[in-house]
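Step one of this worksheet: look at the structure below.
Rule-based calculations on the coordinates, nothing more; no lab input. Predicted model, so just to flag it, every value in this text is computed and none were measured. FYI the Cβ positions are ideal-geometry reconstructions off the backbone, even for glycines, and counts take in every protein chain you see.
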Amino acid sequence: MQFDYSELFPEEVYSFLDNMAKSIGSSIGYLLPSILTSTAFALGSQGAQLMVGTHIQPINLFTIFIGHPGTGKSPAIEKIINPLRENPEIGTEILISRSTSSGLVKLLAKHGKAFVCSPEIYDFLIKLLKNDDETASGDIQLLCKLFSGEPATYHFATESARDIEQNTPFCLLGATQLQNAAKIVYRMDQGHGLLDRFLVAIPLALRPTPEQLDDAQIRLDEMAFSDFQPLFDAIFVAHTNIIRVYKLDDQCVTIHRDLQRDFAAEVNEEILHGNMPPKSKKTEIIPRVAVCLSVLSHFICQKLHPDIPHTEVPESVTPQFYRAAVKLVEHMESQKEMFVDFLKSITEVTRETVKPQPLATDIKTAIVLFPGPLVTYQAFKKYGARAMRSVARPEFETCAANLAQYGNYVKVRVPRSAKQVGVLVKKMPSTWPSQALCTEEEFEDKKNQPLNVLITRNILQALNSAGHYTEDETD
């Protein structure tokens, strides 16, 4: 699935990152996860933390990106890691590409921070996952605790106990190919929650042509700076001899609480219906990504305009970057969900006849015949036909937008919501289509049924205010 990365940053910041990625023969789909995770570690290694409500948490990120060979995965990581490796506050001992679980515990206990970064993360992760599966060594719980900032104590037979402090800075960044990613994700998705803590990116990354490489380098040479070394140096200087605690501003707090409320409602709904609730740590990951987006944008803008007096890095995250983080994280969560569903479809043993994935026509028919005059993705996902449960949000939105004969697909901003809600507002065609998805009687019968329980009052009010749907139509 394609993603518009230009929506995450101001135009000049995006231009710098995009040209930097192309200049090294890579893609911004690889470079962005690398720089976000590295920024998270740079902040954490200098003592910066994140406060959400009254809870202090680390800015730790676990990120994997997956791509084809020869598309520039390794250059994206190496370009970012070199400035960290040369920084005296970090050095080569803190940056590791492989380790045993006991070695990682000793490193964290000794230095109080660590950054696992590797152009091929398969060896590191598969060793920990396999070791934990065979010997119940606790390696998976170690990673889960590090993500959440929980303290831990480890006892070894021939050595003294090793203590890992609360909110220890620890990030994990790696790339791998599809076949290796399948093995990693399969072992992660065993119910212990490790997979939920990972950002998984599968970007549509194309190898740049020689002309694109030359053009990107020319554009970089015209900018005030063209390397990540001064960028990370500025981040380190701004966080030296001061403990910065990043927070969400008042607007972001409201949006974040709405996001938590929506997720809680989704979990509770599944439990009440006897289903397995959705698993996700996005409400923890989104604020961390938002902090990194805000900090990156601030310092890149400063470096692009050296003549403008520098200002202090803002410690309050604004809605601009919080909403950008929501878009990015939800895109990655959607990719991860689709990847996991695909793996389950080819690995789970079943006695039932294997059913093919629904086609676009099947999805459109299911949307048209969904009970009620309004259809949202959340309602379709939870209450639609079982065969449609695997449909991802982008698939639903594309199909719903192509149903102009049967209604209008609109997006409305629900009050205090982190993102717009897409709704298909059904309307009877003036002339029934010759190649219709259903009969006129079927459509009218389904359209006149009561609204789904997930069509909330806020959605109705937003549709009414925008002139898409009136309250009396529900009577």
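Here is how the numbers come out for the structure above:
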quantity	calculated
Options PRO371, GLY191, GLN179, ranked by Cα towards positive dipole end of the chain, top entry (Cβ charges)	GLY191
Estimated [θ] at 222 nm from DSSP helical runs (n ≥ 4, -39500 (n - 2.57)) normalised by residues in the chain, nearest 500	-15500 deg cm²/dmol
Flagged links, alpha-carbon separation over 18 Å, of LYS364/LYS447; LYS22/LYS79; LYS327/LYS419; LYS22/LYS327; LYS426/LYS447; LYS327/LYS411	LYS22/LYS327
Extension gain (nm, one decimal) between GLN141 and ASP163, 0.36 nm per residue minus Cα-Cα	6.4 nm
Along each principal axis, Cα extent of the chain, largest first, Å	73, 58, 49
Cα centre as origin, Lys/Arg/Asp/Glu Cβ charges: segment 360-474 dipole, Debye	700
Positive-end extreme of charge dipole, segment 5-345 - chosen from SER280, ALA205, GLN46 (charges on Cβ)	SER280
Residue list for segment 56-85, given a label point 7 angstrom along the Cα-to-Cβ vector of SER226 and an amide N cut-off under 20 Å	75-83
Extension reserve of the THR153-GLU270 stretch, reckoned as 0.36 nm per residue once the Cα distance is removed	38.5 nm
Environment charge of ILE285, counting only residues whose C-beta is closer than 14 Å and scoring Lys/Arg +1, Asp/Glu -1	+3
Mean Cβ neighbour count within 10 Å, used as a protection proxy, ranking 210-222, 329-341, 57-69 highest first	57-69, 329-341, 210-222
Long-range amide H partners of VAL317 with built H, under 5 Å	LYS247, LEU248, ASP249
Global form of segment 196-240, assessed from the alpha-carbon gyration tensor, a/c cut-off 1.5	oblate
Test item: Cα-centred dipole of the chain, Lys/Arg +1 and Asp/Glu -1 on Cβ, debye	800
Stokes-Einstein D (µm²/s) once Rh is taken as the Kirkwood radius of segment 360-474 over alpha-carbon pairs, at 20 °C in 1.002 mPa s	150
At least 20 Å along the helix axis (C-alpha) and Kyte average at least 0.0, DSSP helices within the chain	28-45, 282-304
Net charge of neighbours whose Cβ lies under 10 Å from the Cβ of ALA109, counting Lys and Arg as +1 and Asp and Glu as -1	+1
22 Å Cα-Cα reach of LYS130 towards lysines, excluding residues that sit fewer than 8 places from it in its own chain	LYS106, LYS145, LYS183, LYS336, LYS344
Charge tally in the Cβ shell below 13 Å around LEU304, where Lys, Arg are +1 and Asp, Glu are -1, LEU304 excluded	-3
